[in-house]
Every structure is written in structure tokens, then in C-alpha cells.
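Have a look at the structure below, then the notes.
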Amino acid sequence: MNDNFENNNQNDLPSEREPLAKRIARFSAFIYLGLAITVVIVATVGIFSISYDYEASLPPISIPELDFTPDISLPDEPVIKPETSDLPVGNEQSGVDAEVSEPSAPRVMFYRPVEGEIIKPHSFDKLVFSETMKDYRVHNGIDIACAEGAEVSAFTDGTVASITEDYFKGVTVAITHDQGVVSYYMNLSPELAEGISVGAEVLAGQAIGNVGSSARAEALDPTHLHFEMTVNGLPVDPEPELP
């Protein structure tokens, strides 16, 4: 009985006794079968892809034609301009002259104090002879020859700083200007122009008085205006500053 049982067990395990070559052959058959199925599937998909018409399956698309030509057509009816009138509102004349006046010329900013020839120049660093005093002395201003009573004008805009009457220099008006400039008008007649007083504002070319004979230090010289100028308290030659 034991021998029969062992024989039965040996018959139930055929794989352990099956040759190796036979098992490899069976396994290879499964591999080939799988490869064959794969090839059939790939071939079927390829044939279907080639034969399928994609363009026929897409819906038709139409692109509209665009016209970029500008519309230059003229209106059918002419444009009517509103009526205009030269009269103001209410059709009443305003009485204002419509003509535009020409702009005025720019104001002159510098004037010669008096018209005439310079008969004695400025000499601050060189002595000059004085006919009246009979000596040599400096001459801080310039002498402008003119007739007695000639009108004297302000050199430029400024403020009357002082009005003095000196025995040698005569009646003198001093006017301060911008940039530390002061102008002096000497040998004036005692009566000054209207409105000329200490602190008065004067404009360029405005009359400040008349030439007289009040300067005794230059009494023997021809009638003239003695004109001086200082900058920050130092005398300068006024001739180059005259227009």
C-alpha cells in the first residue's frame, strides 16, 4: 500500500520530472502568441488611421472677406454754415474801435543828462589845470558844454537822494540807481523841476532842473553841466555809460 501511495504522489508532480527543454518551448509559444496579437493590433490601427479622412470629419470654416478701403464718400447734403454777423449780441453797436493799435516802442532806459560836447573829461588819477582856481586838481566828473537854462534830465530811473547847495559845486541833485550807482548833477540853477524833492521817484529822461552858474569853482569855464557818477561810493568815468 505504501508503494502505491508513493507512485500516486509521483504521478501528481509531473512538472518536476518534465524536461527543461519542453518547458522552455511551451513558454516561448506564449511569447510568440503575444507578439502576434500585438502586431495584428498595431496593423489594424495603422490601416484605420491611413484610411480615415480627417478633413471630411471637420466642420467647414469660412473666412469673411474684409474691405479695408476707407470710406471717402461725401454727404448727400451740403454742410450749411451758421449765419454770422458783425454786430454784437442784440444787434447793437458797442462803440469800441475794432482796429488793434500797434505795440508801443520799448522805453529808453538811459539818457544823456544834457545835449552838448564834453569839454573836460573825467580825470581821477591825473591832475588837470583849473582856469578858475589856477591850480591842478582831480576832476571826478565830466563837463558837458551847453547854454545856460538848458534842461537837465535824469540819467536813468532812480530816487532823489539829496539836494544840496555848495559854494564851490553849486546846486547839486544826487539820484540813487540800481547796482549801487549814484549820479550827481551840479552847477544847476536854484529852481528845480516840478516834483523834484528828496525821496521822489524819477524816470529815465525826466527833467530835474536847468543848467545855471552856481558852481563858483568853475565860474571861468564855459557854461556847462558838471556830471559825476559813483559805484558803491567810488568815482567812475560816466562818459562810457552815456548813450
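Quick note: the coordinates plus some simple rules give every number you see, no bench work behind them. Treat the numbers as computed from the prediction; the structure is a model and nothing was measured. Cβ: placed from backbone, ideal geometry, glycine included. Neighbour counts: every protein chain shown.
What to note about this one:
- The residues of the stretch 122-144 that are of a type in the set (Ser, Thr, Tyr) and either within 57 Å of the chain's Cα centre (by Cα) or over 18 Å from Leu225 (Cα atoms) (or both), listed by number, are Ser123, Tyr136.
- Failed condition for Val231, given (1) touching a Gly at 6+ places or on another chain (Cβ under 6 Å); (2) farther than 22 Å from Arg107 by Cα; (3) surrounded by 14 or more Cβ atoms within 10 Å (Cβ to Cβ): (3)
- Residue in the stretch 116-137 that is small (Gly, Ala, Ser) and part of a loop (DSSP other than H, G, I, E, B) present: yes
- For the stretch 153-170, a residue qualifies if it is assigned to a strand (DSSP E or B) and over 15 Å from Gly141 (Cα atoms), and the qualifying residues are Ser153, Gly158, Thr159, Val160, Ala161, Ser162, Ile163, Thr164, Glu165, Asp166.
- Of all residues making up the stretch 155-205, the number that are out of contact with any Ser or Thr (no Cβ under 9 Å at 6 or more places or on another chain) and among the charged types (D, E, K, R): 3
- Here is the figure for the stretch 118-176: residues that are basic (Lys, Arg) and surrounded by fewer than 15 Cβ atoms within 10 Å (Cβ to Cβ) total 3.
- Selection of the stretch 162-209 for residues being under 21 Å from Val108 (Cβ atoms) and either free of Cβ contacts under 8 Å to residues at least 40 places away in the same chain or over 44 Å from the mean Cα position of the chain (by Cα) (or both) yields Val173, Ile175, Thr176, His177, Asp178, Ala193, Gly195, Ile196, Gly209.
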